[in-house]
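Trainee: Below are the structure tokens for one structure; questions will follow.
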Amino acid sequence: MKVLYVTAECWPFAKTGGLGDVAYALPKALKKEGVDVRVIMPKYSTIPTYLKDQLKKVGEFSVDVSWRSQYCGLEKMELDGVTFYFVDNEYYFKRDGAESIYGHGDDAERFIFFTNAVLKSIDKLGFYPDVINISDWHTGMLPLFLKEKYSHLPKYKNIKTMYTIHNLQYQGIFGREILGNVLDIDFKHFNNGDIEYHGNINFMKAGINFADKVSTVSPSYAEEIKTEFYGNGLDGLIRANSNKLVGILNGLDYDINNPKTDKNLFANYDVNSIDKKVKNKLELQKLLKLDVDPDIPMVGIVSRLVSQKGLDLIDFMMPEIVNEKLQLVVLGTGDNQYQAMFHYYDSHYPNKVSANITFDSSLAQKIYAASDIFLMPSLFEPCGIGQMIAMRYGTLPIVRETGGLKDTVTPYNQYTKEGNGFSFANYNAHEMFFTLQRAIKLYEEDRETWNKLVENAMNTDNSWSKSAKEYIETYKNL
């Protein structure tokens, strides 16, 4: 089976969020299962130099963007057994700074160029995939372009498309003026509602309407986006296309996230040597100038500090949280109100609260390993990766039952002693706090059961190998 994975970002080349992680880990897992999978993405100027130096020129050709004819270079390299292709055009992709990927006034034109370049590259490479797997709004127009401009060509007519939604909130909505100026497609697609959205153009709507299959990154999220609360204005469209909707849970890269080999940790351990985990807590307490105490429960938060992640619940309950017997270690950046809130409690409770308002991947791994509890009370969470890393490192998550959090965390049952974490159903600050209190009480009063839950968490299979098999089955069905 041949699969072309099309993405706007991919670690370690360029990454702003979860899509970047998936675009690297999923193809690697598919390759291990025998799939001939290749990845194609833009060649951003911010790709690390050591990687750019490994790129080899494949060819160059022109790509039409409506009335424009633009240069396109194609380069490639191999990483972890997977071939990566890079679409090169400095006018569109040589942007400086952290915002080099998205957030520009010409984003519609940039990603339409990329989409057109991908479809033309297929013929230039002689790689005709069985399935093109695209992701999020950036490539949402690809299934429409494939049907409109390429389906009459013998080598293209049997190619199927799968459109993966990582977050329905970001839809790629642009003014209707791009219809002729950028898209260059029949106006009927706007007039009949295929791509029209409140008088504008919606790239994600196009992807949902024209892809042969639509997937989300967890089964629960696939159901949630059919409702008005989670649907972000597209719930009716999702329900209308529910016959081609599937939810496949994201996996976790077990090579990168492995407490036995992770070089960021103070002490390595695995499920057979969980007793060594406490060394990470003691050393992190010293590093962050918290009270050094192996028996005080440490609660970790590694997150974007935004309301979607449940930060308003935490903000509301912070006076009560700091009065509990615990330590709170926070890592992340986000909205000023939450950053200021954590700074306030850090300054007033320096022995109990450590606010690290930054991005530090090494410190993140240390927090996952050192903490006893990982707090992730999201309003919505298409899949979530933090809870999976936490469980891999033997840290029990407290989550709200939504999206991928509901699909990955089995709440502790006090009667059967089963579970790999804790959860609460309603988006309610007190419900979150009571769940935290319940976890702390179990930690303090029944360490034997607690350790069994830790063992359960570490034995939970959230690997990409499991998810890759579901993707392959979906591709086969296509």
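Coordinate-derived values only; no laboratory data. All values derive from a computational prediction rather than experimental measurement. Counting neighbours? That spans all protein chains shown, and the Cβs are built from the backbone with ideal geometry, glycine included.
Trainee: Contour minus end-to-end for Asn428 and Thr358, with contour as 0.36 nm per residue of separation and end-to-end as the Cα-Cα distance?
Mentor: 22.5 nm
Trainee: Something else about it: If Lys and Arg each add +1 and Asp and Glu each add -1, what is the summed charge of the other residues whose beta carbon sits under 13 Å from the beta carbon of Gly310?
Mentor: Around Gly310, the charge tally is -3.
Trainee: When the helix-only estimate is applied to the chain (DSSP H runs of n ≥ 4, each -39,500 (n - 2.57), divided by the residue count), what is the mean residue ellipticity at 222 nm, nearest 500 deg cm²/dmol?
Mentor: Result for the chain: -10500 deg cm²/dmol, rounded to the nearest 500.
Trainee: Report ³J(HN,Hα) in whole Hz for each residue of the stretch 165-177, in order, from the Karplus equation J = 6.51 cos²θ - 1.76 cosθ + 1.60 where θ = phi - 60°; Gly and Pro get x.
Mentor: Calculated HN-Hα couplings, in order: 9, 8, 7, 5, 5, 9, 10, x, 9, 9, x, 5, 5 Hz.
Trainee: Further question: Quick one: in the stretch 274-461, what % of C-alpha pairs are over 21 Å apart?
Mentor: Every Cα pair in the stretch 274-461 considered, those over 21 Å come to 44 percent.
Trainee: Shifting gears a bit: So if we plug the beta-carbon distance of Asn232 and Asn451 into 1/(1 + (r/R0)^6) with R0 = 41 Å, what FRET efficiency do we get, rounded to 0.05?
Mentor: The formula returns an efficiency of 0.50 here.
Trainee: Compute the distance from the alpha-carbon center of the stretch 37-91 to that of the stretch 184-232, in whole Å.
Mentor: 28
Trainee: Relative contact order for the stretch 346-437: what percent, with Cα pairs under 8 Å and sequence separation of 6 or more?
Mentor: Here the relative contact order equals 21 percent.
Trainee: Round to the nearest 10 and give me the degree value, 0 to 90, for the angle of helix 311-321's Cα axis relative to the longest principal axis of the chain.
Mentor: Taking Cα atoms only, the helix is inclined about 0 degrees.
Trainee: Let me ask something else about it. Which pairs, out of Lys94/Lys226; Lys32/Lys406; Lys213/Lys309; Lys76/Lys260, put more than 31 Å between their alpha-carbon atoms?
Mentor: Beyond 31 Å between Cα atoms: Lys94/Lys226; Lys76/Lys260.
Trainee: Right, next: So what J values fall out for the stretch 191-207 if you push phi through Karplus, 6.51 cos²θ - 1.76 cosθ + 1.60 with θ = phi - 60°, rounded to Hz, Gly and Pro as x?
Mentor: So the J values, rounded to whole Hz, are 5, 8, x, 4, 10, 7, 8, 6, x, 10, 9, 10, 4, 5, 4, 4, x.
Trainee: Lys260: net charge of surrounding residues, Cβ under 13 Å, Lys/Arg +1, Asp/Glu -1, itself excluded?
Mentor: Overall, the nearby charge balance is +1.
Trainee: Could I ask something else about it? How much length is gained if the chain between Tyr415 and Asn192 is pulled fully straight, taking 0.36 nm per residue apart and subtracting their Cα-Cα distance, in nm to one decimal?
Mentor: 74.7 nm
Trainee: Beyond 18 Å, what percent of the Cα pairs of the stretch 267-312 remain?
Mentor: Here the long-distance tail beyond 18 Å is 47 percent of all Cα pairs in the stretch 267-312.
Trainee: A further question on this structure: Using only Cα atoms and rounding to the nearest 10 degrees, what angle (0 to 90) does helix 361-370 make with the longest principal axis of the chain?
Mentor: Taking the Cα atoms of the chain, the angle to 361-370 is about 40 degrees.
Trainee: If you take the beta carbon distance between Asp64 and Asp295 as r and set R0 to 51 Å, what does 1/(1 + (r/R0)^6) give as a FRET efficiency, to the nearest 0.05?
Mentor: E(calc), rounded to 0.05, equals 0.15.
Trainee: Once a ≥ b ≥ c are taken as the square roots of the eigenvalues of the Cα gyration tensor of the stretch 1-129, is the result rounded (a/c under 1.5), prolate (a/b larger than b/c) or oblate (a/b not larger than b/c)?
Mentor: oblate
Trainee: Nearest 10 degrees, 0 to 90: what angle lies between the long axis of helix 447-459 and the longest principal axis of the chain (Cα atoms)?
Mentor: Long axis of 447-459 versus the principal axis of the chain: about 20 degrees.
Trainee: Follow-up question, since we're still on this one. Shape verdict for the stretch 58-142, please, from the Cα gyration tensor: rounded (a/c under 1.5), prolate (a/b greater than b/c) or oblate.
Mentor: rounded
Trainee: Right, something else. Quick check on the chain: take the gyration tensor over C-alpha atoms, sort the square-rooted eigenvalues as a ≥ b ≥ c, and tell me if it's rounded (a/c under 1.5), prolate or oblate.
Mentor: In terms of gyration-tensor shape, prolate.
Trainee: Where in the stretch 148-245 are there chymotrypsin sites (Phe, Trp or Tyr not before Pro) that are in a DSSP coil and have at most 11 other Cβ atoms within 10 angstrom of their Cβ?
Mentor: The qualifying sites are Phe187.
Trainee: Can you give me the C-alpha center-to-center distance between the stretch 300-347 and the stretch 406-444, rounded to a whole angstrom?
Mentor: Each part's Cα centre sits 19 Å from the other's.
Trainee: What are the ³J(HN,Hα) couplings of the stretch 27-39, residue after residue, when phi is run through the Karplus curve with 6.51, -1.76, 1.60 and θ = phi - 60°? Round to Hz, x for glycine and proline.
Mentor: x, 4, 5, 5, 4, 5, 8, x, 7, 7, 10, 9, 10
Trainee: Based on Cα coordinates alone, diagonalise the gyration tensor for the stretch 124-277, multiply each eigenvalue by 5, take square roots, and list the semi-axes in whole Å, largest first.
Mentor: Listed largest to smallest, the semi-axes of the stretch 124-277 are 37, 21, 14 Å.
Trainee: I want the local charge near Gln285. Using Cβ-Cβ distances under 9 Å, sum +1 for each Lys or Arg and -1 for each Asp or Glu among the other residues.
Mentor: In short, 0.
Trainee: Report, by chain and number, residues whose modeled amide H sits under 5 Å from the one on Gly334, excluding near sequence neighbours (fewer than 5 apart, same chain).
Mentor: Leu305
Trainee: With label points built 7 Å along Cα→Cβ from the Cα atoms of His343 and Lys147, find their separation and express it in nm.
Mentor: Roughly 5.1 nm, to one decimal.
Trainee: What distance in nm separates the two pseudo spin-label positions at Met1 and Asn181, each 7 Å out from Cα along the beta-carbon direction?
Mentor: Here the modelled spin labels are 4.2 nm apart.
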